[in-house]
Amino acid sequence: MASAGAVTTRSNRSGQPETDMSSYTYLYTDADGETRIDNPHIGFVDRGIGATPIPAVSVSLVRIPGGASAGLQVTPFRQLGVVLDGVVEILPSDGEPVLASLGTTILAEDLTGRGHGYGARSTDRLLLLVRLADAQDTDVLPTAPAAASSDETLRLPRIVATADGGSSFDEFELPVSSGLDGAHEIPIACAAFARLPAGAFADWHPSARRRLVVTLEGAADLVTTDGSVRHAIPGSVMMLDDVTGKGHQTFVHAQAERFMLLLTLPDEDPGR
């Protein structure tokens, strides 16, 4: 059984080095209608926070109960899935299953053909799903679907600006749906991948946009002006809502680069 692995480097068609993240699992439909799994080059991973935006519609959190499995089915729309907790066993229609572990990103584009399933595991699995815009939607993004009812909420850290121009942590809640059908979808403006070098330090800075930041690999400490610290590790989600004031500091741990998925939120937050 295959599994997601390390980060490698290769050259693109112009001979310039680019980054492969083999912790990406790619599901696609071949000419025979079979769903296949690959670990392709992901061209939209940029260094730093100024990452190339990917048109996206919404984000949702889904919990797959322990012991649950599903037979072959196509992906209803293009989506990115990130494993936040547990291990997901992906079953393509053409052969060997793949295990997607903590922080692994799954790009699913098997919209036709036989589709894929997932295998039963003894423990719950928590997934973050990003619904991508259709390929033809380049100028205007479609409206996110109406929210479904959620079964639970997950409390996550958020950095906010304070009245004195500083920053502090509080918490926000994201709804968690049970199973992949009828997930509670929250509108987002776009998605992007970014990476920061091992040992990088970013001094006081506000967030350029309201964002959810999902750590895929590596780790970092984020510090607010009141001295509070939160740790970002693979599978963790944090909201950056300090778009004014002094902002926060970021310390990337020296052991490895930090790879992130950035989800930019609309300027208007109906949940505030």
**Asked** How do LEU102, LEU80 rank when sorted from fewest to most other Cβ atoms within 10 Å of their own Cβ?
**Response** LEU102, LEU80
**Fill in**
From fewest to most C-beta neighbours within 10 Å, the residues PHE169, PHE201, PHE193 line up as PHE201, PHE169, PHE193
**Request:** Please give the contour-minus-distance gain from ASP170 to THR112: 0.36 nm per residue of separation, less the Cα-Cα distance, rounded to one decimal in nm.
**Result:** 16.6 nm
**Prompt:** How much length, in nm to one decimal, is gained on full extension between ASP85 and ASP38, taken as 0.36 nm per residue of separation minus their Cα-Cα distance?
**Reply:** 14.7 nm
**Prompt:** For the range 124-133, what does the Karplus curve 6.51 cos²θ - 1.76 cosθ + 1.60, with θ = phi - 60°, yield as ³J(HN,Hα) per residue in whole Hz, taken in order and with x for Gly and Pro?
**Reply:** 4, 10, 10, 10, 9, 10, 10, 7, 8, 5
**Prompt:** What residues qualify as long-range amide H neighbours of ILE188, i.e. H under 5 Å apart, gap of 5 or more or another chain, H built at 1.01 Å from N?
**Reply:** SER58, VAL59
**Fill in**
For ALA183, the residues 5 or more places away or on another chain with a placed amide H closer than 5 Å to its own amide H are none
**Complete:** Amide H neighbours of ALA198 at under 5 Å, excluding residues fewer than 5 places away on the same chain, with H built from the backbone geometry, are GLU257, ARG258
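Every number here is computed from the coordinates shown, using simple stated rules; none is lab data. Since the model is a prediction, treat every value here as computed from it, not as a measurement. Reconstructed Cβ throughout: ideal geometry from the backbone, glycine too, with neighbour counts over all protein chains shown.
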